Amino acid sequence: MSGSRSPGLPEILETYAEVIGKNLRVALPATVTRFDAATQAADVQPLLLLPLTDEDNVRTTERLPVIPNVPVVYPRGSGFHLVFPLAVGDNVLVVFCDQSLDQWKAKGGTDVDPVDNRQHTDSGAVCYPGAYPSTGAVPSFPSNKLVVGKDGVNHSP
């Protein structure tokens, strides 16, 4: 009889949960590598590296690939909208929706069958402009008014 044993159900479930967790995408900061104003979509490069651990427990990291053609979500409702151009190098927050948005983007409407059964993948990604680290906070942030401004321009009254 050898000294090794087969893993029990708790170990198998823990390994399974770990694998799923490492492959599940929810949200990541990214930078714009291309912006198409006509479609309001951007190619984005995730800014966080993917941590990997090999069988010898050696940790490395890997750059995630550019995600192409991600819809940019601008504030919009009741017939009003706020839009502005994005430039290469601008930061965004990429959110990976529960299901593919391909059919909904193409057809719109309600009760859309996503057709694609994959979840939390690039085909369900959208991005929100303005995700910056603490070092990129807006200086002189006003606490009592709405300000539409431009970086590098003083917003004082």
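The values are calculated or read from the model by the stated rules, or taken from the named source; none is laboratory data. None of these values were measured; they are calculated from a predicted model. Methodologically, a virtual Cβ is constructed for each residue, glycine included, from the backbone with ideal geometry; neighbour enumeration extends over all protein chains shown. When the accessible area is computed, the model is the full protein with side chains, heavy atoms only, and any ligands, DNA or RNA have been set aside. Shrake-Rupley method; radii C 1.70, N 1.55, O 1.52, S 1.80 Å.
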Item to check | Accessible area per residue in Å² at 1.4 Å probe, computed on the chain | outcome: 75
Checklist entry - Of E14, E62, E55, which has the most accessible area and how do the rest follow, probe 1.4 Å? => result E55, E14, E62
Checklist entry - Computed over the Cα atoms of region 80-137, what is the ratio Rg over Rh, Rh following Kirkwood? => result 1.08
Next on the checklist: Compute, for the chain, the length of the dipole vector about the Cα centre, with Cβ point charges of +1 (Lys, Arg) and -1 (Asp, Glu) only. Units Debye, rounded to 20.
Outcome noted: 620
Checklist entry - How much of the DSSP beta bridge set in the chain is antiparallel, as a percent to the nearest 5? => result 95
Checklist entry - At a probe size of 1.4 Å, how large is the accessible area of F80, to the nearest 10 Å²? => result 150
Checklist outcome for this item: If one builds a Gaussian network model of the chain from Cα atoms under 10 Å apart, the most fluctuating residue listed among P75, P51, P139 is P139
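Roughly how many percent of the accessible protein surface of region 80-157 is carbon and sulfur, given a 1.4 Å probe and a whole-percent answer? The partial results should precede the final answer.
Details: 3360 of 5960 Å².
That share works out to 56 percent.
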Next on the checklist: What is the ratio of the Cα radius of gyration of the chain to 2.2 N^0.38 Å, with N the residue count, to two decimals?
Outcome noted: 1.39
Item to check | For the chain, built as a Gaussian network whose Cα springs stay under 10 Å, the top-fluctuating residue of L49, L86, L101 | outcome: L49
